[in-house]
Number of protein chains: 2
Amino acid sequence: MKLATLKSASRDGRLVVVSRDLAWCADASHIAPTLQAALDDWAQAEPALRTLADELERETIPRERFHERDALSPLPRAYQWADGSAYVNHVELVRKARGAELPESFWTDPLMYQGGSDAFLAPREDIPLADDSWGLDFEAEVAVVTGDAPQGCSVEEAAGAIRLIMILNDVSLRGLIPGELAKGFGFFQSKPPTAFSPVAVTPDELGEAWDGRKLHLPLRSWLNGAVFGEPDCQVDMTFDFAQLVAHVAKTRPLTAGTIVGSGTVSNKLGDGPGKPVSEGGKGYSCIAEIRMIETIYDGAPKTRFMIPGDQVRIEMLDRSGKSIFGAIEQTVVRYAR
Amino acid sequence: MKLATLKSASRDGRLVVVSRDLAWCADASHIAPTLQAALDDWAQAEPALRTLADELERETIPRERFHERDALSPLPRAYQWADGSAYVNHVELVRKARGAELPESFWTDPLMYQGGSDAFLAPREDIPLADDSWGLDFEAEVAVVTGDAPQGCSVEEAAGAIRLIMILNDVSLRGLIPGELAKGFGFFQSKPPTAFSPVAVTPDELGEAWDGRKLHLPLRSWLNGAVFGEPDCQVDMTFDFAQLVAHVAKTRPLTAGTIVGSGTVSNKLGDGPGKPVSEGGKGYSCIAEIRMIETIYDGAPKTRFMIPGDQVRIEMLDRSGKSIFGAIEQTVVRYAR
């Protein structure tokens, strides 16, 4: 089942089910007005939504064209957005570029930050940038949306609480990160609103590409039309989604509609860092990573961060080449009051 | 105007207006089903809620008894909970206790962390603790709830976006904080669910005690029945609420229902740290602070953190001795699955 939220007069949009080929949708607001409402009452909502999705595939109900540009993020705002950093390879590279060791505990205790969740960008929405020195970067990631689970739930229970899967652009302001992290309280201004894919899908929709804890497909990113990254999501993922969700719930209950992110998807090449796609590598899921590699090899970064006019595209194709989640396509624009 | 959210079958409770003396309330769900819905459409909802509140004071409408124990946090869950650390005195003490200098920038650039907002505790709800070594502490704070404002809004615009004021207990797990902060991504597991006061009030309700940016009253805390702190909220508050709200909105829009906290309220005594109330001082708004002072003077902390059976109470009285927000009263209980 594929679900999306169309723009409407409400801040939370209008829930629709979307056909497998992303061409059609059917209004689901009689089942649940919003995706959050569906997740709040998933036991009731899910069977009704699945019936509607089946009817849509069989073309037995009124349907409308689905346009990705009309979609908001599936949860246009959420009560919990917890972003992990499961590709420890990525973290190791960040540290290597600044000459810092990776603490051993980073391989056993997930890094995770509390993200701002009150106003996500739509998947085709411009990214407003007020100051180029903020160092705007994209981060291509995978995320799950959960149901409820008790505080202290096991990794197995956490796996069972995964309801939906999405991809996302975790927009980051690299120029503001060092100052914020030095203050010790984590990211705040350096993580402006995130954008999620046009549709969220149930795990069964992914078939064998979803093993219950990891997604076994490449995540593709383009920067200004050129392929920038296509790392495999299951490779080098030190912590799987069940472990990340359990981490969220260690000292608090897990609540319906919680979004848990993977962190920037990143693959090593042998024992070293990856190579650009143009050199036969898997490329990168953010600009910061290629800049770190440039720093390691050449002493300084060459690739610049994004400025107004730059475009990023993030998409995942199934094994037959069809888009699963629709595409995130965003242009950076100058923000001015 | 005073607003509260009563327990109901919904996760978001039911909105009521509460009488000035906290004795009575009237259902407001015909105006807005939830406080978030009212904030989302404040220009429409506010006048209608004020009319209802006037009618309640004049006893011209059906009313029911208001019991603080029936209240959820005014926003039982929120899309944004950003907690500042505006009493830099408190931060300086934390650092002094571990022999660290306070960076000069801390006096000009607010500390703020992104808090978990998906499931707040009710003001009379037990605090579940799974492991005493986590070092459970309370933190008595003031918070504002905002409306919408554009990204990059000025401090003056931020002041104008303040809709409601509450007090809160920012429950903290001191034993988990050093490890999390060392990882560099800020608080996550060390900040379990927060509890807010039974009612939220509009600024006008505070009269001269609210100057548009700061609250000019003592915030009182009791630990196991004994007065623990009564610092004045306007004293030693390095950053006012308008500055904190503007900090939230530097790189993202400010959205309706955003909660912005003051951080632990803390008063110095002359040039040194405060004294316990029993010694004629203003006391403390968290256990960690007295432990720091014990560490500075005696080389080691004496006061233990909270364990099952311990109780905390947080309340603010107006100049005539009446409770403004109702009382937060919570008991720590052993959490077990």
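List of remarks:
- Residue tally, condition free of Cβ contacts under 8 Å to residues at least 60 places away in the same chain and either open to solvent by 30 Å² or more (accessible area, probe 1.4 Å) or more than 20 Å from B:Leu219 (Cα to Cα) (or both), over region B:277-308: 13
- Count of region B:53-73 residues which are away from every other protein chain (no Cβ under 14 Å) and small (Gly, Ala, Ser): 2
- Within region B:156-169, if we keep just the residues that are assigned to a helix (DSSP H, G or I), in contact (Cβ under 8 Å) with a residue 60 or more places away in the chain and not acidic (Asp, Glu), the residue that is farthest from the other protein chains (Cβ to nearest Cβ) turns out to be B:Ala159.
- Here the condition is being touching a Ser or Thr at 6+ places or on another chain (Cβ under 8 Å), touching a residue at least 12 places away in the same chain (Cβ under 8 Å), among the hydroxyl-bearing types (Ser, Thr, Tyr) and under 15 Å from A:Glu139 (Cβ atoms); of A:Thr264, A:Thr251, it holds for A:Thr264 alone.
- Take the conditions (1) open to solvent by less than 50 Å² (accessible area, probe 1.4 Å); (2) touching a residue at least 40 places away in the same chain (Cβ under 8 Å); A:Leu56 misses just one of them, which is (2).
- Residue within region B:214-225 that is within 20 Å of B:Met316 (Cβ to Cβ), open to solvent by 10 Å² or more (accessible area, probe 1.4 Å) and among the hydrophobic types (A, V, I, L, M, F, W, C) present: yes
- Restricting region B:191-208 to residues that are more than 18 Å from B:Ala130 (Cβ to Cβ) and open to solvent by less than 10 Å² (accessible area, probe 1.4 Å), the residue that is nearest to the other protein chains (Cβ to nearest Cβ): B:Phe196
- Filtered residues of region A:235-270 (kept if at the interface with another protein chain (Cβ under 9 Å from one of its Cβ atoms) and more than 17 Å from the chain's Cα centre (by Cα)): A:His247, A:Lys250, A:Thr251, A:Arg252, A:Pro253, A:Leu254, A:Thr255, A:Ala256
- Applying the condition of being of a type in the set (Gly, Ala, Ser) and open to solvent by 30 Å² or more (accessible area, probe 1.4 Å) to region B:133-181 and asking which residue is nearest to B:Glu205 (Cα to Cα) yields B:Gly160.
- Lone unmet requirement of (1) open to solvent by 10 Å² or more (accessible area, probe 1.4 Å); (2) touching a residue at least 60 places away in the same chain (Cβ under 8 Å); (3) hydroxyl-bearing (Ser, Thr, Tyr) for B:Thr108: (2)
- Test: B:Leu39 is open to solvent by less than 30 Å² (accessible area, probe 1.4 Å) and outside any loop (DSSP other than H, G, I, E, B): yes
- The residues on offer are B:Pro128, B:Pro76, B:Pro103, and the sole one that is open to solvent by 10 Å² or more (accessible area, probe 1.4 Å), at pLDDT below 95 and either within 30 Å of B:Ala23 (Cα to Cα) or within 12 Å of chain A (Cβ to nearest Cβ) (or both) is B:Pro103.
- Pairs, first on the phi > 0 side of the Ramachandran plot in region B:1-19, second buried (at least 24 other Cβ atoms within 10 Å of the Cβ) and in a strand (DSSP E or B), C-beta under 6 Å, six or more apart: B:Gly13/B:Thr5; B:Gly13/B:Leu72
- Some residue of region A:19-34 being under 21 Å from the mean Cα position of the chain (by Cα), within 24 Å of B:Ala38 (Cα to Cα) and in a helix (DSSP H, G or I): no
- Test: B:Thr264 is open to solvent by less than 10 Å² (accessible area, probe 1.4 Å), assigned by the TED database to the domain that holds B:Pro123 and at pLDDT 95 or above: yes
- Condition met for A:Gly116 (farther than 30 Å from A:Ile296 by Cα and within 12 Å of chain B (Cβ to nearest Cβ)): yes
- Region A:170-190 residues that are more than 26 Å from A:Ile328 (Cβ to Cβ) and within 7 Å of chain B (Cβ to nearest Cβ), paired with ones that are in a strand (DSSP E or B) and aromatic (Phe, Trp, Tyr) (beta carbon under 6 Å, 6 or more apart): A:Phe185/B:Tyr113
- Residues located in region B:79-100, provided they are closer than 26 Å to B:Gly283 by Cα, within 10 Å of chain A (Cβ to nearest Cβ) and of a type in the set (S, T, N, Q): B:Ser85
- Scanning region A:131-155 for residues being over 21 Å from A:Gln330 (Cβ atoms) and either at the interface with chain B (Cβ under 10 Å from one of its Cβ atoms) or aromatic (Phe, Trp, Tyr) (or both) gives a total of 6.
- Annotation note: Cβ proximity below 7 Å between a residue of region B:136-155 that is free of Cβ contacts under 8 Å to residues at least 40 places away in the same chain and a residue that is β-branched (Val, Ile, Thr) and not in a strand (DSSP E or B) (sequence gap 6+ or interchain) occurs for no pair.
The values are calculated or read from the model by the stated rules, or taken from the named source; none is laboratory data. From a predicted model like this one, the values you see are computed outputs, not experimental measurements. Neighbour counts run over all protein chains shown; Cβ positions are idealised from the backbone, glycine included. The accessibility values were calculated without ligands, DNA or RNA, using every heavy atom of the protein model including side chains. Shrake-Rupley method; radii C 1.70, N 1.55, O 1.52, S 1.80 Å.
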